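Values quoted throughout were computed directly from the atomic coordinates according to the rules given, and no laboratory measurement underlies them. All values reported here derive from a predicted model rather than from experimental measurement. Note: ideal-geometry Cβ built from the backbone for every residue, glycine included; neighbour counts use all protein chains shown.
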């Protein structure tokens, strides 16, 4: 399977009467984009704004961040299962716009965790999105629409907006082409390089809002996913998207998946990238064990891996599932490297481990994503909500987006941490 | 007037020494209480020299090692009262090198002053000094040699760290930008906290590098060294329940509505007690409670808190004479992604309180 991602570096963004790109400037017909989003009857209206680095603006109620991308050589193939027809993602040509993003807000959310981004001040400095230009979209719910149904609509509106922008850049010279070419059935069996797989924990149902899982895999939710093998290109090219909250993870992060890209970069040089096994975190110990045993079997006996990198999702519980998969892999003789996320900044690194498995002895600290930080208010404008929008704090502190100082955990600031290994953050004892 | 103006511009420093370095006497004077000398003294002269024009050592607080280490908490408070009037910007203590009692004293005075005045507190110790483990959380303890031969170097080192801490510079190596120097580069013992630090390589790059080393059988450098858990021996069973007093303890996060004690729903570090008669009477109202715990669905417990804290059953058992007494208070905490270290500390704290109340057994209910 061969995927070519053709990137265009966008240096500026402006409203226009037509959507097109010229000299790295993307003009957007906001009316046309609005019309496109309003095609969904679950959306009554939508606020669309362009935001720029240095703007004194705080974007709240973030549900997703999307990199504008579209398929060049296939029809109805963008984010298959979500907006495109069901087909396997990851082959052919994809146009990708760099330096620009879609910030997707759900102003009607009742969720406890509400992510945000500032375009100036400390947050802008910390976030990889702070230096980019964005289109902020914030749809309003149509009468009679169920809360969860509306969330799906908002998510899809963000994906559609991303596709729309990338399509608009047709004809613009390409700055960079990345090629992801991996033919798993024809891998070099005689190579002396170690065979390395990736175990991708896709989802955890632990925070399912109103008890319903978020669709994030070809349009479906994966709460009951059996361990499944996929091609890594499927991840990069729209087969997988973020859940309905930004918690150190969003669609943009998946489109630029750190571990997948690194394994590709080292493929045939330092290792043979043999493929990906997906799984989920589980709520029941019996299921957890069954899934871990099955996943390790795929890694060892189907992909034939000698080593595997395992990444996790969200918070505490998924550590347990992930460690169990790693333990089962080690039992089968597959060497593991496991990502963890210390949940609290008190203690030594060893104190924060949520599993006790001697064989799982190579641990990567992807970031203490729940590290607390106090953010002074820089913004005088709020998008996706208002100055009264609640900002979550684990202590019983009630705080709002317009407060002079908010006390937050970093995972709710979009673009600071990356569960998939793309950020240059390590956790150290201080 | 000149001196006053200069004092206003310079950082104000107080220095703590024991009886020996404070030039009062040796072991024979170790029982003396606190005294205050104006200006620097002994090692303080080197400290003043290292601080130069930036800061002035206004006073030296001296105390005997036995006096201090006999009751470090109380002595720390006593020392704090003497230090407070100087309104210092920085406190230095020692360095204590390998001297155990002196190390404890330096740590305790730093703890009292740091907690109350919120200023940087700096001391120095040799790695084996018991003061390191006791007080590293509460002070910047610079690594020193094991004897006073290392004095000049240690003072220089402590001064550099102190000036850096007070400089107000942004820590660009940290995601939080806090002014928190790296422990290894600045030679102090880590203070048992974690911080997100920027590094050269992404987590993805590091994971591939390290996994390849592991596959080659080379040292791979895990970013977390696995802890060694101690085995806890269960105590002997209760011989006769009919004469024993049982206390209910739960980590399910049950608190009165409004969560007056501020337990955190995740990563909680606190525990508290509630009087059962008022907290969970027989005619309780569901609406009076909330759950400070984000790790489970609390619906059933909010309907009836006895499902988490079985007061109803215990009352029955007491009435039936099967159990001697139900302790009138309930111990509540929230155990959700809390670090094992703090769990152990809370266990010790609760254990001491339970012992003090002469309770014979604990019923621990979880979620």
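Could you pull out which residues in segment B:347-367 have an amide N less than 12 Å from a spot 7 Å beyond the Cα of residue B:238, following the Cα-Cβ vector?
Label zone hits: B:359-364.
Taking the Cβ of each residue in A:79, B:331, B:229 as the centre, tally the other Cβ atoms inside 10 Å and list the residues starting with the fewest.
Ordered from fewest to most neighbouring Cβ atoms within 10 Å, A:79, B:331, B:229 come out as B:229, B:331, A:79.
Once label points are set 7 Å from the Cα along Cα→Cβ at both residue B:216 and residue B:128, what is their separation, rounded to one decimal in nm?
Label-label distance for residue B:216 and residue B:128, simple model: 3.8 nm.
Can you compute the modelled spin-label distance between residue A:88 and residue A:140, with each label point 7 Å from Cα toward Cβ, in nm?
Reported label-point gap for residue A:88 and residue A:140 is 4.5 nm.
Hey, in the GNM for chain A with a 10 angstrom Cα cutoff, which one of A:73, A:214, A:140 fluctuates hardest?
In this elastic network of chain A, the residue with the biggest mean-square fluctuation among A:73, A:214, A:140 is A:73.
Extending each Cα 7 Å along its Cβ direction at residue B:147 and residue B:84, get the distance between those two points in nm, one decimal.
4.1
Taking 51 Å as R0, compute the FRET efficiency from the Cβ-Cβ separation of residue A:289 and residue B:35 and round it to 0.05.
That pair, residue A:289 with residue B:35, gives E of 0.15.
Determine the equivalent ellipsoid of segment A:12-68 by diagonalising the alpha-carbon gyration tensor, then write out the semi-axes as square roots of 5 times the eigenvalues, largest first, rounded to whole Å.
For segment A:12-68, the ellipsoid semi-axes come out as 21, 18, 10 Å.
Between residue A:190 and residue A:112, what is 0.36 nm times their sequence separation minus the Cα-Cα distance? Round to one decimal in nm.
22.8 nm
Mind pulling up the Rg/Rh value for segment B:241-365? Radius of gyration and Kirkwood radius, both on Cα.
Computed over Cα atoms, the ratio is 0.96.
Springs between alpha-carbon pairs under 10 angstrom, Gaussian network model over chain A: which of A:360, A:66, A:325 fluctuates most?
Its mean-square fluctuation being the largest, the pick is A:360.
Take chain A, connect every pair of alpha-carbon atoms lying under 10 Å apart with a spring to form a Gaussian network, then pick out the residue of A:359, A:157, A:401 with the largest mean-square fluctuation.
Its mean-square fluctuation being the largest, the pick is A:359.
When B:184, A:186, A:270, A:250 are ordered from fewest to most other Cβ atoms inside 10 Å of their Cβ, what list results?
Result, fewest neighbours first: A:186, B:184, A:270, A:250.
Which percentage, to the nearest 5, of the DSSP beta bridges contained in the protein assembly as shown is antiparallel?
Given both bridge residues lie in the protein assembly as shown, the antiparallel proportion sits at roughly 45 percent.
Given contacts defined as C-alpha pairs under 8 Å and at least six residues apart, what's the relative contact order of segment B:241-365, whole-number percent?
49
Per-residue mean of other chain beta-carbon atoms within 10 angstrom of the beta-carbon, peptide A:333-339?
The mean count of partner-chain Cβ atoms within 10 Å per residue comes to 5.
Taking only DSSP H segments of four or more residues, each worth -39500 (n - 2.57), what value at 222 nm results for chain A once the sum is divided by all its residues, to the nearest 500 deg cm²/dmol?
Counting only the DSSP helices, I get -6000 deg cm²/dmol.
Peptide B:266-279: average number of partner chain Cβ atoms within 10 Å per residue?
Taking the mean over all residues of the peptide, I get 2.
Over all residues in A:391-399, what is the mean tally of Cβ atoms on other chains that come within 10 Å of each residue's Cβ?
If you average over the peptide's residues, the count of other-chain Cβ atoms is 4.
Could you tell me the calculated FRET efficiency between residue B:299 and residue B:193, based on Cβ-Cβ distance and R0 = 35 angstrom, to the nearest 0.05?
So the FRET efficiency works out to roughly 0.50.
Taking neighbour counts of Cβ atoms within 10 Å as a proxy for exposure, in what order, fewest first, do A:229, B:158 appear?
Ranked by crowding around the Cβ, least crowded first: A:229, B:158.
Using packing as a proxy for protection, rank A:390-399, A:130-139, A:304-313 so that the peptide with the highest average count of other Cβ atoms within 10 Å comes first.
A:304-313, A:130-139, A:390-399
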